[in-house]
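The next block holds one structure in the form of structure tokens; read it before the comments.
The values are calculated or read from the model by the stated rules, or taken from the named source; none is laboratory data. Source: prediction; values computed, not measured. All Cβ positions, glycine included, derive from the backbone under ideal geometry; neighbour counts span all protein chains shown.
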Amino acid sequence: MRIDVFTLFPELIEGFSRASLLGRAREAALLDLRAHDLRDGASDARRTVDDAPFGGGAGMVLMPEPLFAAVEQVTSTEGLPRPLFFLTPGGRPFDQGVARELAGLEGFSLLCGRYEGVDQRVGDHLVDGELSIGDFVLAGGEAAALVVIEAVTRLVPSVLGNEASVTEESFADGLLEYPQYTRPAEFRGWGVPEVLRSGDHAKVARWRAAQTLVRTLERRPDLVAARGGLGPEEVLLLLEQGEVEVLARHGYDVESGKSRQS
Ligand code: ADE
């Protein structure tokens, strides 16, 4: 997987990606991450990249010229993996589905702006798309780029030691993950659910499946709604696991164990 990043702060990208999962992926040559300085596209001795906005207003706007030049330079010398995405709060919401899409590519590129502004012609004519990591405003796209890079890289085969962990984790099937416990079995008086220590794998699997549903219903009912609510077997599973209250609270008819009340 090759990922190129255009930024005013290549050292932010470099520093973060030297350690932990990204560092190991780079060392193992599973990730070819290249951070490029947008100032390399500037044409003056002071390496200017911004100017005052037409029409007036506060802040500076990144000029199209150095940004196009930086991207074109890399394209002609080392080739540039496309699509190239501009990181901006107005972009397509980045989520686990988009991460999976990007992980299926051989590479892609990211352009980090400054939120005060980037000339619109960059969005219109240089990049292939825009991504947002959430409904909040960062000072620049670097932290967003790192979010995208980490979420995508960990889905690249062989990057995680244990491949099962990406199929069992949160959002794998649009739901949150069940709670996990490790030793000690009792910590400051707080125990571990007995079923997890029973050694009965089928029972553990049913408990976990139920916990996944309960957690998602309680914390992210929007995710359950997005997949069309609970199916009849899921309602039965929760009934079997004694989760009557949760079902009732979310409008499920616990008598018939089937239909969702309106
Ligand atoms: N740049 C500034 N804010 C951002 C956000 N929320 N997502 C992506 N890029 C950004």
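Here is how the numbers come out for the structure above:
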quantity	calculated
Test: residue in segment 48-57 that is in contact with a Lys or Arg (Cβ under 9 Å, 6 or more places away or on another chain), at pLDDT 95 or above and within 17 Å of Gln120 (Cα to Cα)	yes
Which numbered condition Val98 misses (of (1) farther than 27 Å from Pro157 by Cβ; (2) out of contact with any Phe, Trp or Tyr (no Cβ under 9 Å at 6 or more places or on another chain); (3) β-branched (Val, Ile, Thr))	(1)
Residue ID - nearest to the ligand (Cβ to nearest atom), chosen from residues in segment 101-124 that are free of Cβ contacts under 8 Å to residues at least 24 places away in the same chain and more than 27 Å from Val156 (Cα to Cα)	Gln120
Residues within segment 73-92 that are more than 10 Å from the ligand (Cβ to nearest atom) and buried (at least 17 other Cβ atoms within 10 Å of the Cβ), tallied	4
Residues that are among the hydrophobic types (A, V, I, L, M, F, W, C) and under 32 Å from the mean Cα position of the chain (by Cα), drawn from segment 38-57	Leu38, Ala42, Val49
